[in-house]
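**Student:** Please read through the structure below; I'll follow up with questions.
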Amino acid sequence: MNAISIGGLGKRYASGHVALRDVDLQIRKGEIFALLGPNGAGKTTLINIVCGIVTPSAGHVLANGHDVTREYRTTRSIIGLVPQELATDSFESVWATVNHSRGLFGRPPNPRYVESLLSQLSLADKRNARIMTLSGGMKRRVMIAKALAHEPDILFLDEPTAGVDVELRRDMWALMRRLRDQGVTIILTTHYIEEAEEMADRIGVIDRGTLILVEDKRTLIEKLGKKRLTLQMRAPLPSVPRELADLGLELGADGTELVFSYEASRSIDISALVRRLADLSIEFSDMHTHQSSLEEIFVNLVSKRT
Amino acid sequence: MSGAGSDTATFKPPRFNKHGVWAIYKFEVARATRTLIQSLVTPVITTSLYFIVFGSAIGSRMQSVSGVPYGAFIVPGLMMLTLFTESIANASFGIFYPKFAGTIFELLSAPVSPLEIVMGYVGAAASKSIVLGTVILATSSLFVSIHIMHPAAMIMLLCLTAVTFSLFGFIIGIWAEGWEQIQIIPALIMTPLTFLGGAFYSIDILPPTWRTFSLFNPVVYLISAFRWSFYGTTDVGIGTSLTFTIGLLALCACAVAWIFKTGYRLKS
Ligand SMILES: Nc1ncnc2c1ncn2[C@@H]1O[C@H](COP(=O)(O)OP(=O)(O)O)[C@@H](O)[C@H]1O
Ligand SMILES: [Mg+2]
């Protein structure tokens, strides 16, 4: 059984704006799934529907096999959400607000669990502090603690690292890995590609309400990635030698670079290329390869649709 | 950290989320107790002022109303006035604030049913106004001697009114899109209705046209019933009053049910 199973999901807001169209998506138990997409693509809408904050216009969503509308008590008990916007109570203490969340989600008090949660999030010494006295980064930690207070099986993080400092980002990545190791399914949205590249097992790309691709991260990079071999010339070449025309080489940097592009999935005989260059007495001083990042793949994908 | 890692089946939520109701109730009561001093001092001072002005200064010149000394006569009305305004203010603020601050997402994503949400918010708001009502009764008893003829009925009416108007406040809090709207209903509607509703006089002393007019004011029935529980006298029959009060409660309950069914101003 999948952690999340979405079928034919559509959302049209009262304004008439269609935020999601016919989305089908399966999220496996225990994986980290990154939902990538530009601003306004519909990522938050999707998450909010699963969590019960927004009502869908069409389709269905199951969490651990339970319908999120009809069996909302079950699904909401096992889902935790760290929303995009930083919204906390001001006058409550950290301790009170985290325990409040636990109770709200139907769990009996468990001070030991809450204690360990706070220390894992480096909040232990702030437990009696009023939330309004905390920095933005600390407030975000509190939001995470609240989302985990009821020991959810599935955790949604909506742009968790937007505008957070390096230290917190690293802490959050570590926490996500730790949670995954404990079997928690994690769905995060981001428009930082590095984050998806760093964290995700699988990646979905959403653009203007349509899920345009879901793929294993590695497969995605391999399938769509281009590799580029750049050779640094000893002496600039006036043009690509006619004898090498079959390879589709390009000259760069005023003839001092010879660039060879190929699909990452294709196996290339580099030594043959080097031999042919030697036969033509073309000398090079250096070489390096570059593989396109998810960022490039992503920009490519989205721009192709416009 | 989570139960997910173990092989245990999906957490089975109870049919009634008592921890959830308690969490909301406690949260709301904590909010009230942060301002406990103001909450309690204000009604004590106001009540004392009423007695100094109305009870002593004016009351000494007024005859008793339906056999009840004027000072004692105004006590039920005074309590009702506080019950109305406090219930509406507390319940409307309680649900409006999370909408305003953005923290409502947590409530909407929690496994709590509409009934449980209402129990938490309305329960807390009603509790606070019942406490304040009792404080006013206690303060009043320092100035006049009060005899309660039907104590059980008095307590029941106190609770019924507190719950009804807390429900009403809850509806206002959901409907409101700004702070002005939160304040407008109590100021523009409840205060006039209360003053015109016989809080400080019997509507029998009004000219016939105005008296008839008063019968369209729901507050008349509430105050009348409440005064009956104290002194056994009524402006309108106790049966009519009770029917009216319960009808008002049912009306508010239906409105709340509709709000949750449609997600009105809660969900997009
Ligand atoms: N309550 C709403 N009413 C109308 N339109 C909305 C509402 N919420 C979001 N939208 C619109 O839906 C689209 C998707 O928004 P959102 O899901 O927040 O995107 P993302 O999280 O990917 O940035 C945006 O164009 C946004 O303006
Ligand atoms: Mg978003």
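The values are calculated or read from the model by the stated rules, or taken from the named source; none is laboratory data. This structure is a prediction, so every number in the text was calculated from the model and none was measured. Cβ placement follows ideal geometry from the backbone for every residue including glycine, while neighbour counts extend to all protein chains displayed. Ligands, DNA and RNA are stripped out before the accessible areas are found, and what is left, the full protein with its side chains, is counted by its heavy atoms. Shrake-Rupley method; radii C 1.70, N 1.55, O 1.52, S 1.80 Å.
**Student:** Need a quick list: strands (runs of 3 or more DSSP E) entirely within the stretch A:1-93 having at least 1 residues that are at pLDDT 95 or above and either within 8 Å of chain B (Cβ to nearest Cβ) or over 30 Å from A:Val299 (Cα atoms) (or both). Show your work before the answer.
**Tutor:** On the way: elements: A:4-12, A:18-27, A:32-36, A:58-63, A:79-82.
The strands (runs of 3 or more DSSP E) meeting that bar are A:58-63, A:79-82.
**Student:** A further question follows. Collect the residues in the stretch A:183-209 that are open to solvent by 40 Å² or more (accessible area, probe 1.4 Å) and either away from ligand 2 (no atom under 16 Å from the Cβ) or among the aromatic types (Phe, Trp, Tyr) (or both), keeping them in residue-number order.
**Tutor:** Listed by number, the residues that qualify are A:Tyr192, A:Glu194, A:Glu197, A:Glu198, A:Asp201.
**Student:** Could you list all residues from the stretch A:219-233 that are at pLDDT 85 or above and either within 16 Å of ligand 2 (Cβ to nearest atom) or open to solvent by 50 Å² or more (accessible area, probe 1.4 Å) (or both)?
**Tutor:** If the condition is that a residue be at pLDDT 85 or above and either within 16 Å of ligand 2 (Cβ to nearest atom) or open to solvent by 50 Å² or more (accessible area, probe 1.4 Å) (or both), then A:Gln232 is the only one that fits.
**Student:** Considering only residues that are of a type outside the set (Gly, Ala, Ser) and within 11 Å of chain B (Cβ to nearest Cβ), look in the stretch A:115-125 and name the one that is nearest to B:Ser109 (Cα to Cα).
**Tutor:** A:Leu117
**Student:** Among all residue pairs at least 6 apart or on different chains, which show Cβ distances below 7 Å where the first residue, located in the stretch B:116-134, is of a type outside the set (Val, Ile, Thr) and the second is not in a helix (DSSP H, G or I)?
**Tutor:** Pairs found: B:Glu116/B:Asn17.
**Student:** Spot the failing condition for B:Phe11; the list is (1) facing chain A (nearest Cβ under 9 Å); (2) modelled with pLDDT of 90 or more; (3) outside any helix (DSSP H, G or I), and only one is missed.
**Tutor:** (2)
**Student:** Which of (1) away from chain A (no Cβ under 14 Å); (2) farther than 21 Å from B:Leu196 by Cβ; (3) surrounded by 24 or more Cβ atoms within 10 Å (Cβ to Cβ) does B:Ala110 not meet, given it meets every other one?
**Tutor:** The failed condition is (1).
**Student:** Follow-up question, since we're still on this one. Pick from the stretch B:79-102 the residues that are hydroxyl-bearing (Ser, Thr, Tyr) and buried (at least 19 other Cβ atoms within 10 Å of the Cβ): which of them is nearest to B:Gly178 (Cα to Cα)?
**Tutor:** The residue in question is B:Ser92.
**Student:** List pairs: first in the stretch A:10-23 and within 14 Å of ligand 2 (Cβ to nearest atom), second open to solvent by 100 Å² or more (accessible area, probe 1.4 Å) and assigned to a strand (DSSP E or B), Cβ under 7 Å, 6+ apart or cross-chain?
**Tutor:** Nothing qualifies.
**Student:** For the stretch B:88-123, which residues satisfy the criterion of being under 28 Å from B:Thr47 (Cβ atoms) and touching a Lys or Arg at 6+ places or on another chain (Cβ under 8 Å)?
**Tutor:** B:Asn90, B:Gly94
**Student:** For the list (1) free of Cβ contacts under 8 Å to residues at least 12 places away in the same chain; (2) under 27 Å from A:Ile53 (Cα atoms), I need the number of the one condition that A:Ile131 fails.
**Tutor:** (1)
**Student:** Test A:Ala245 against the stated conditions and say whether it is modelled with pLDDT of 80 or more, more than 30 Å from A:Gly37 (Cβ to Cβ) and outside the structural domain of A:Ala58 (by TED's automatic domain parsing). Step through it out loud before you land on a result.
**Tutor:** Working: modelled with pLDDT of 80 or more: no; more than 30 Å from A:Gly37 (Cβ to Cβ): yes; outside the structural domain of A:Ala58 (by TED's automatic domain parsing): yes.
So A:Ala245 fails the test.
**Student:** Checking the conditions here, which among A:Gly40, A:Gly16 is more than 7 Å from ligand 1 (Cβ to nearest atom) and open to solvent by 10 Å² or more (accessible area, probe 1.4 Å)?
**Tutor:** Answer to the selection: A:Gly16.
**Student:** So how many residues does the stretch A:40-52 have that are out of contact with any Asp or Glu (no Cβ under 8 Å at 6 or more places or on another chain) and within 12 Å of ligand 2 (Cβ to nearest atom)?
**Tutor:** 5
**Student:** Could you tell me whether any residue of the stretch A:223-244 is outside any loop (DSSP other than H, G, I, E, B), under 23 Å from A:Gln291 (Cβ atoms) and within 15 Å of the chain's Cα centre (by Cα)?
**Tutor:** Within the stretch A:223-244, none of the residues are outside any loop (DSSP other than H, G, I, E, B), under 23 Å from A:Gln291 (Cβ atoms) and within 15 Å of the chain's Cα centre (by Cα).
**Student:** Please specify each residue of the stretch B:241-268 satisfying the condition of being open to solvent by less than 40 Å² (accessible area, probe 1.4 Å) and either over 21 Å from B:Gly123 (Cα atoms) or assigned to a loop (DSSP other than H, G, I, E, B) (or both).
**Tutor:** Selection gives B:Ser241, B:Gly263, B:Leu266.
**Student:** Working only within the stretch A:140-160, note down all residues that are open to solvent by 10 Å² or more (accessible area, probe 1.4 Å) and away from ligand 2 (no atom under 16 Å from the Cβ).
**Tutor:** A:Arg141, A:Lys146, A:Glu151, A:Asp153
**Student:** Which residue is nearest to B:Glu28 (Cα to Cα), if the candidates are limited to the stretch A:83-128 and must be without any contact (Cβ under 8 Å) to a residue 40 or more places away in the chain and in contact with a strand residue (DSSP E or B) (Cβ under 8 Å, 6 or more places away or on another chain)?
**Tutor:** A:Glu92
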